[in-house]
Amino acid sequence: MRDNLQTRGLRDPAVTILDPATGTGTFLLSIAERVRAQEANAGKGMAALALQGLASRMFGFELLVGPYAVAHYRLHHALRRARGEGEEEGEPLELPRLGVYLADTLAEPGAAATTGPLGFVSEGIADEQREANRIKSEESILAIIGNPPYRRLEKGENRTLVGDWMDDIWDDLKEPVRNAGKGGQLNTFPELSVAFWRWAIWKLFEAENAPQRGVVAFISNRKFLTGWPYAGLRKMMRERFDRIEIIDLRGDVRRGERAGVEADQGVFNIMVGTAITLAIADGSKADGEAADVYYYDSWTEGLFSRWAKLDWLTSGADAGTQPNAVAVERDLMDDMRPEPFQNGEWVSLRDCFVFASSGLESKRDHVVYGVSRQNLERKIRDILALDGEARDKAFNSTPMNPAHRAQAVGWVEESVILSGYRPLDRRWHYANDSWNDRPRPDLRAVWGANNVCLFSLPNGTNAGAAVWCFGNYPDRHAFRGSYGGYAFPLHDRRPNIAAPNIAPVLIASLSAAYGEPVASEDIFDAILCLLSATSYALRFAEDLEDVFPHVPFPARHEIFQDAVRIGREIRAVETFAREPGEAHLRPGFVRVTNEPRGALAAVEYADGAITLCEDGTGKITGLPENVWNFSVSGYRLVPRWLEARIGLQADLAVVSELRDICGRVAELIDLFAEADIVLEATLHETLIREALGLDPQGQDVNDG
């Protein structure tokens, strides 16, 4: 770090350490070793002076007593000896009181120490607070190093975890988003690590005695690299700094395994993906000129395990950089990653449709969805029979829909509809507004009495089809059972519109490209085909990490027609518009070898067979392994369908439906393979965004 700072004209910087006891503390220990090694050839005395100088310029803020004590111990131990050449131990050094203070980084400079549980502040704590305030207010800091906490703030936690002062100054990160008309996206903005980014920028550029230059080196949640909620932060970083280097370590294990990515792991033992960011302000750019942004991707390097990523980082330590940097040349508020899908040349799924919306969100699926009408009515009436706290808990009462209001509505037969709950899993839904928190009235109006939609995720799409087609009103988690997705209806049934929902410019552009009119329904089916292709998610796993799927439209009309034909068959199978083809319900396929007696129980798969009932009856053979393991972005359709019906009587209706579901999966596996052939042909000659005349900025989704 010191070498890198000196090469940018920042010799002997004062350093602030955030979280000094853990990851960044270890980093400072490595700096101490580097300083010791660099100065050792000038003599033991020079090394001692350099270490003493480093200790006097090092400041840290730690909120918790335990890590605070550990930080003092570790840093003191690392700095206290200067070794001569060939020595393993050196003489003890006289060190100043290390500048690690028990204080809240985000607290307003000059704020009083927090009162303790007995109503007073001890003198020692007050001293720590005063010195921390002096550093925040007066000390000119040139390097800020941290591993800020990663946490999305819940409602009301702005004041308790961030504080009024920080909540006020980070509003300028939200303002550009609001001005761009994307204010509705800010519901995910309050992320604790963003507050530390804003504090670091304040300290370098806005505080009293701010040097107007310096370096921020953070290991943080990688989420800020993409998406509208963090566009204001990216804009401020590009405006304030001259060079930004991002090492994307990926590792967001909460999302499940990505297509084509073997067991991606985080560098730390956490569930959140991380990135290392070096933001450098050295005056090398002209006023008003945006920072140069360089991006390094662990996935591009083929690195997925924790130790492979650590070895990669270590290999670049001496040089202070890594090869294969990709320059990110985008606008101030754009993502700090290279544009996905052929450098943004393909059309986003979002741009193909005029209207899109998140699916219905009930906040109480366990109540308002049932695997049969009778099952659903029993759940509703069970809630109606309760009162008080028991009712509120069973209902999952929320301010948006309190239980007493739902109870007042009661059971309304006309509110029961068949819904698209999960892929190939239709369930009966109690679609009464008083029983669902977010029914999406705009989507319901667009949907009308009869419609179909493509459903997809805005980011994090895993292995399998990248879209799914539903013929029933979709749930928010319809795509994979988690991480809410968006519905793209084929038609807009609102009386004042009553038109196809495919973007008119896309219809016109494809018609012009193919030399004959193209129907909106054909475009819908072609998209379904191309994005369902077996290899699509494998080819574009890195791109799908952060954005909607993008569509490579064929340049040749005959390839487009092949996509339409296959997509129409996929739509028919996924929406239950027809039964599975006879070839996929051949003799021996999902064969019931003995009569089931009793209720469905948890099943285990072995050698192509499962047993439905706990007493060993209801054995089913001829269930292919690829059908059993078939998944959409990690959601395994057949096992999850069975799991949801545990306890139901294993009668003719249930077993017939199971066989139908398996037949549909078997046919889809073949259709997706056919789609892959069309995708391969499409990739040889593809219509890009410019040729289709589409706005590169796209449109907003609608959360209703």
- Query: If you go through the range 63-102, how many residues are open to solvent by less than 40 Å² (accessible area, probe 1.4 Å), at pLDDT 80 or above and of a type outside the set (S, T, Y)?
  - Reply: 2
- Which of the following residues is closer than 30 Å to D433 by Cβ and within 30 Å of the chain's Cα centre (by Cα): G359, G316, G388, G344? G359
- Query: What number of residues in the range 557-593 are open to solvent by less than 20 Å² (accessible area, probe 1.4 Å), in contact with a Leu (Cβ under 6 Å, 6 or more places away or on another chain) and not hydrophobic (A, V, I, L, M, F, W, C)?
  - Reply: 1
- Is it true that some residue in the range 538-545 is assigned to a helix (DSSP H, G or I) and buried (at least 24 other Cβ atoms within 10 Å of the Cβ)? yes
- For R222, state whether it is on the phi < 0 side of the Ramachandran plot, in contact with a strand residue (DSSP E or B) (Cβ under 9 Å, 6 or more places away or on another chain), touching a residue at least 60 places away in the same chain (Cβ under 8 Å) and charged (D, E, K, R). no
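Among the listed residues P190, P148, which satisfies the condition of being open to solvent by less than 20 Å² (accessible area, probe 1.4 Å) and at pLDDT 75 or above? Lay out the reasoning, then the answer.
On the way: P190 fails: open to solvent by less than 20 Å² (accessible area, probe 1.4 Å).
Answer to the selection: P148.
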- Message: Looking at A195, A210, A217, A231 in this structure, which one is more than 21 Å from N158 (Cβ to Cβ) and outside any strand (DSSP E or B)?
- Response: A210
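Do we find a residue being of a type outside the set (S, T, Y) and more than 33 Å from the chain's Cα centre (by Cα) anywhere in the range 474-488? Don't jump to the end; show me each part of the working.
Step one: filter the range 474-488 for residues of a type outside the set (S, T, Y), giving 474-481, 484-485, 487-488.
Keeping just the survivors that are more than 33 Å from the chain's Cα centre (by Cα) gives none.
Looking for residues that are of a type outside the set (S, T, Y) and more than 33 Å from the chain's Cα centre (by Cα), one finds none in the range 474-488, hence no.
Residues of the range 309-348 being in a helix (DSSP H, G or I) and surrounded by 15 or more Cβ atoms within 10 Å (Cβ to Cβ), which ones?
If we filter the range 309-348 for residues that are in a helix (DSSP H, G or I), which is where we start, we get 309-315, 340-344.
Of everything in the range 309-348, those that are in a helix (DSSP H, G or I) and surrounded by 15 or more Cβ atoms within 10 Å (Cβ to Cβ) turn out to be K309, W312, L313, P340, F341, Q342, G344.
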- Note on the structure: Residue pairs within 9 Å by beta carbon, gap of at least six or interchain, first lying in the range 408-421 and under 20 Å from S456 (Cα atoms), second open to solvent by less than 50 Å² (accessible area, probe 1.4 Å) and part of a helix (DSSP H, G or I), listed first then second, are Y421/D365
- Message: If a residue must be touching a helix residue (DSSP H, G or I) at 6+ places or on another chain (Cβ under 7 Å) and either polar (S, T, N, Q) or within 12 Å of V368 (Cα to Cα) (or both), how many such residues does the range 395-421 contain?
- Response: 7
- Note on the structure: Cβ pairs under 9 Å, 6+ apart or interchain, first in the range 364-389 and closer than 21 Å to R476 by Cα, second open to solvent by 60 Å² or more (accessible area, probe 1.4 Å) and in a loop (DSSP other than H, G, I, E, B), ordered by first then second residue, are R364/N396; H366/N396; V367/N396
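The values are calculated or read from the model by the stated rules, or taken from the named source; none is laboratory data. Owing to the predicted nature of the structure, the values given are computational and were not obtained by experimental measurement. Using ideal geometry, Cβ is built from the backbone for each residue, glycine included, and neighbour counts are taken over all protein chains shown. Each accessible area value is taken on the protein alone, full model and side chains, heavy atoms only, with ligands, DNA and RNA left out. Shrake-Rupley method; radii C 1.70, N 1.55, O 1.52, S 1.80 Å.
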